[in-house]
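Reviewing the structure listed below.
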Amino acid sequence: MNRTVLLVGIVISAVLVGILSVGLGKNPNEIRSPLIGKPAPSFALKEVGTGRTVDVADFKGKPVVVNFWATWCGPCWEEHPVLVANARMMQPNVQFLGVVFQDTEEKILSFLQQRGSAYPTVVDEKGKTAIAYGVGGVPETFFIDRNGVIVAKYNGPMNADAIRAHLDKVMR
Amino acid sequence: MILATLLLMLQLKVPDAAQFVGAPQGRPLAGQELLLRTDQVGSLLRCPVCQGMSVADSRAEMAVNMKGQVRELLERGYTEEQILQYFELSYGQFVLLKPKFEGVTSMVWLLPAIALLLGAAIVYFTLRKLSKAPPAPVAPQPEDEYMARVRDLVSGEKS
């Protein structure tokens, strides 16, 4: 009996360790979104500063990087210079677009004036666009290919390596 | 100025549920019924920025926005099933507080039942084995030295 109990215990522990090791081995920033491989939800929102309407459909034909962020989010401050630098480097082959939600236009404008900007930033009133993209917390970044299909999603602040790796996917 | 604002509002466009789940399949709700159904449907959705709280219970801005969207969809005549499907298409099954009985998530429903049955079987077979086992023979106890002396003294007095 004791030997059987021991054997059952070992088998159950092995299964649990296996499941945990698979889960822990994954990059927590690379969360599989159900939207990957599907057409990006369309939206047209007001640009901060100019007030003009920016329609994501206008960028069809070239890869688009959509970054959801907010001025109250610390990690967004951290990734902002990386996004701006890469946007400057990749223009006009890749279009970057910032979508801000749960924030005020005044704060966004002040943030961009102080920290620089290289691409349009739009305001998502009531967070409807964020919900359609399945955004939980900011920052979250979506990579859309030239056909308007979401290729990848990155959770958390982006660094230069992560941006380059994901841009490679979207440029293919 | 008002005209310019109106024109801008007309140009603005947010992703529409119809893009994901088609036209509404229910009847538009209003008044008290709308409030009640908003809470009911909201209680089935997980707030993505909270710890195990529903959209109906959380006061987080994200949850408030999601609840607002549920209310708007119910107002437009979307059914509970369509609304849950809409959120699932963006967030995945994670957003559903009641996981579906399919694929790996079916384990959430099956494992407790399997564990209960397994436990009951172990208890049953252990008890059966114990009841069938012959009683252990009682080993003769070595006589206590003090008691032996008492017994000798008592038997000596009698004789």
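The values are calculated or read from the model by the stated rules, or taken from the named source; none is laboratory data. The structure displayed is predicted, hence computed values, not measured ones. FYI the Cβ positions are ideal-geometry reconstructions off the backbone, even for glycines, and counts take in every protein chain you see.
Taken over region B:53-77, the criterion of being away from chain A (no Cβ under 14 Å) and either outside any helix (DSSP H, G or I) or among the hydroxyl-bearing types (Ser, Thr, Tyr) (or both) is satisfied by B:Ser54, B:Ala56, B:Asp57, B:Gly77.
Can you spot a residue in region A:61-71 that is farther than 23 Å from A:Ala40 by Cα and modelled with pLDDT of 95 or more?
At the first step, the residues of region A:61-71 found to be farther than 23 Å from A:Ala40 by Cα are A:71.
If we keep only those that are modelled with pLDDT of 95 or more too, we end up with A:71.
Among the residues of region A:61-71, at least one is farther than 23 Å from A:Ala40 by Cα and modelled with pLDDT of 95 or more, which makes the answer yes.
Considering only residues in region A:44-77 that are over 14 Å from the mean Cα position of the chain (by Cα) and part of a helix (DSSP H, G or I), the one that is surrounded by the fewest Cβ atoms within 10 Å (Cβ to Cβ) turns out to be A:Gly74. Residue count for region A:33-76 satisfying the condition of being away from every other protein chain (no Cβ under 11 Å), hydrophobic (A, V, I, L, M, F, W, C) and touching a Ser or Thr at 6+ places or on another chain (Cβ under 8 Å): 4. Exactly one residue among B:Arg151, B:Arg128 is modelled with pLDDT under 95, touching an Asp or Glu at 6+ places or on another chain (Cβ under 9 Å) and farther than 30 Å from B:Pro15 by Cα, and that residue is B:Arg151. Residues in region B:31-77 that are touching a residue at least 40 places away in the same chain (Cβ under 8 Å) and farther than 25 Å from A:Ile36 by Cα: B:Leu34, B:Arg37, B:Gln40, B:Val41, B:Ser43, B:Ser54, B:Leu74, B:Glu75, B:Arg76, B:Gly77. Do you know which residues across region A:88-116 are of a type in the set (Gly, Ala, Ser) and either modelled with pLDDT under 95 or surrounded by fewer than 14 Cβ atoms within 10 Å (Cβ to Cβ) (or both)? A:Ser110, A:Gly116 - these are the residues of region A:88-116 that are of a type in the set (Gly, Ala, Ser) and either modelled with pLDDT under 95 or surrounded by fewer than 14 Cβ atoms within 10 Å (Cβ to Cβ) (or both). Here's a check for you: in region B:16-51, which residue that is within 11 Å of chain A (Cβ to nearest Cβ) and charged (D, E, K, R) is surrounded by the fewest Cβ atoms within 10 Å (Cβ to Cβ)? The qualifying residue surrounded by the fewest Cβ atoms within 10 Å (Cβ to Cβ) is B:Asp16. Check region B:89-106 and report whether any residue there is within 27 Å of B:Ala63 (Cα to Cα), among the hydrophobic types (A, V, I, L, M, F, W, C), in the same structural domain as B:Arg37 (by TED's automatic domain parsing) and in contact (Cβ under 8 Å) with a residue 60 or more places away in the chain. Yes, that holds for at least one residue.
Looking only at region A:118-126, decide whether some residue is among the β-branched types (Val, Ile, Thr), surrounded by fewer than 21 Cβ atoms within 10 Å (Cβ to Cβ) and under 17 Å from A:Ala44 (Cα atoms). Among the residues of region A:118-126, at least one is among the β-branched types (Val, Ile, Thr), surrounded by fewer than 21 Cβ atoms within 10 Å (Cβ to Cβ) and under 17 Å from A:Ala44 (Cα atoms), which makes the answer yes.
Confirm whether B:Gly22 is in the same structural domain as B:Val64 (by TED's automatic domain parsing) and modelled with pLDDT under 95. When the stated conditions are applied, B:Gly22 passes them.
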